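The values are calculated or read from the model by the stated rules, or taken from the named source; none is laboratory data. As the structure is a prediction and not an experimental result, all values here were calculated from the model. Don't worry about glycine lacking a Cβ; one is built from the backbone with ideal geometry, like all the others, and counts go over all protein chains shown.
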Amino acid sequence: MLSRVADALFWMSRYLERAEHVARLLDVWFHLELDLSSSGAAPFEMHWTALAAILQHQAPAGTHPQVTMSHRLMFDVDNPASILACLAKARLNARSIRGTINSEVWRELNKLYWKMSDPEFIRRSRESPYEYYQAMECGSALFQGLCDATSTHDEGWQFIQLGKFVERADKTLRILDIQYHLLRDLTNPADVSLSTLHWGAVLKSCNAYEPYQRCHVGRIEPDRVVEFLLMEPEFPRSVRFSLERLTSSLRAIEKSAGSRQLTRADRLLGMMLSELTYRSLDQIMADDLHGFLSGLIDRLSQVSRAVQEQYSLR
């Protein structure tokens with residue numbers, strides 16, 4: 001496969017996954033703000049600061065930072081972290097390889113872009129953003145379903161998986177890293193309901209609320225949330241699941257290229273997976289959770305760079 005095509009597939013998938021994550025995070029924060037207001041738990045500006053940290057976006061100053069940030073992260077095409085900017089870059093990459101992807105896949109992505117950039121839809125969404133978030137999340141799910149159901153699971157499809165799972169693992173790690181240290185002081189019995197609200201939002205940020213409840217009936221426990229999002233091998237947005245899919249896709253690509261040697265990306269993924277598979281949560285928590293998560297984020301970034309260097313992606 002030409003490196004230009006592989007590059008476009010990788011970034012098309014990664015930008016679309018990023019746009020979906022931004023939409024879901026804004027959706028969850030929007031409802032968390034309503035819950036906090038009704039429970040009298042304001043001020044809640046620090047939670048918008050946490051969102052900015054997760055998305056590596058500078059939190060705006062002013063009297064209504066949440067409104068300013070929401071609009072910047074939704075509609076501002078000059079902001080590279082916004083939903084519309086990420087979606088535009090995903091579409092641009094797809095258009096550059098129009099003959100490589102299936103017509104159904106292209107049609108859905110193109111339709112999603114024009115819907116999300118429609119001036120009338122944007123105008124309505126400034127007042128009531130929920131429909132905008134849902135349109136992005138549903139459009140991304142439909143795109144991914146079409147990719148899986150209508151595309152040959154060949155080398156090109158594997159590059160789509162690489163982009164998706166690199167981005168997915170990165171966001172799950174950042175959510176855990178920022179939110180655990182923000183919320184770890186909510187241990188007072190009087191804070192149980194507030195803690196449940198916040199940790200429920202962490203799970204919803206990763207589409208994990210209902211899957212978690214099926215595994216752990218009862219009150220939401222912070223350590224269990226960390227364990228589920230880090231180590232659950234059967235949940236498709238856990239870090240372990242994402243790393244296993246990255247490993248599988250890399251092996252499939254290397255096999256099709258006739259390579260039998262372990263690459264730098266293979267070694268990094270192997271080390272990360274061994275830690276998540278064989279280290280207990282108690283060991284991780286006893287050492288330094290922040291250091292552990294930061295180390296995984298750094299190594300995941302190295303995996304991404306190693307793949308791009310190996311296959312001459314940008």
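Report yes if some residue within segment 126-133 is among the acidic types (Asp, Glu), exposed (fewer than 14 other Cβ atoms within 10 Å of the Cβ) and in the same structural domain as Glu20 (by TED's automatic domain parsing); otherwise report no. Spell out how you get there, then give the answer.
We begin by selecting, within segment 126-133, every residue among the acidic types (Asp, Glu); these are 127, 131.
Of the ones still in play, those that are also exposed (fewer than 14 other Cβ atoms within 10 Å of the Cβ) are 127, 131.
Then keep just the ones that are in the same structural domain as Glu20 (by TED's automatic domain parsing); that gives 127, 131.
Yes, that holds for at least one residue.
Tell me which residues, restricted to segment 192-248, are within 24 Å of Cys138 (Cβ to Cβ) and of a type in the set (Phe, Trp, Tyr).
Tyr209, Tyr212, Phe235, Phe241
Looking at this structure, is Val166 at pLDDT below 90 and either of a type in the set (A, V, I, L, M) or closer than 18 Å to Arg18 by Cα (or both)? I'd like the intermediate steps shown before the answer.
Numbers: at pLDDT below 90: no; either of a type in the set (A, V, I, L, M) or closer than 18 Å to Arg18 by Cα (or both): yes.
For Val166, the condition - at pLDDT below 90 and either of a type in the set (A, V, I, L, M) or closer than 18 Å to Arg18 by Cα (or both) - is not met.
Across segment 148-171, what is the number of residues that are surrounded by fewer than 17 Cβ atoms within 10 Å (Cβ to Cβ) and assigned to a helix (DSSP H, G or I)? Can you show your working first?
So the first thing to find is which residues in segment 148-171 are surrounded by fewer than 17 Cβ atoms within 10 Å (Cβ to Cβ), and the list is 148-154.
Retained after the next criterion (residues that are assigned to a helix (DSSP H, G or I)): 148-150.
Residues meeting the conditions: 3.
Can you confirm whether segment 256-275 contains a residue that is of a type in the set (Gly, Ala, Ser), in the same structural domain as His181 (by TED's automatic domain parsing) and buried (at least 17 other Cβ atoms within 10 Å of the Cβ)? Show your work before the answer.
Looking only at segment 256-275, we keep the residues that are of a type in the set (Gly, Ala, Ser), and these are 256-259, 265, 270, 274.
Narrowing further to those that are in the same structural domain as His181 (by TED's automatic domain parsing): 256-259, 265, 270, 274.
So of that shortlist, the ones also buried (at least 17 other Cβ atoms within 10 Å of the Cβ) come out as 265.
Yes.
Please determine, by comparing only the residues of segment 172-193 that are assigned to a helix (DSSP H, G or I) and of a type in the set (Asp, Glu), which one is modelled with the lowest pLDDT. Give the derivation first.
Here is the first cut: in segment 172-193, the residues assigned to a helix (DSSP H, G or I) are 172-183, 189-193.
Narrowing the set further to residues that are of a type in the set (Asp, Glu) leaves 177, 191.
Values: Asp177: 92, Asp191: 62.
So, considering only residues that are assigned to a helix (DSSP H, G or I) and of a type in the set (Asp, Glu), the one modelled with the lowest pLDDT is Asp191.
Which one of these is loosely packed, with under 12 Cβ neighbours inside 10 Å and either assigned by TED's automatic domain parsing to the domain that holds Gly156 or without any contact (Cβ under 8 Å) to a residue 60 or more places away in the chain (or both): Arg224, Arg214? Walk me through it before giving the result.
Values: Arg224 fails: loosely packed, with under 12 Cβ neighbours inside 10 Å.
Exactly one of Arg224, Arg214 is loosely packed, with under 12 Cβ neighbours inside 10 Å and either assigned by TED's automatic domain parsing to the domain that holds Gly156 or without any contact (Cβ under 8 Å) to a residue 60 or more places away in the chain (or both), namely Arg214.
What is the residue count in segment 203-244 for residues that are in a loop (DSSP other than H, G, I, E, B) and closer than 29 Å to Ile160 by Cβ?
Quick first cut of segment 203-244, residues in a loop (DSSP other than H, G, I, E, B) only: 206-208, 216-221, 232-238.
Filter again for closer than 29 Å to Ile160 by Cβ, leaving 206-208, 232-238.
Total meeting the criteria: 10.
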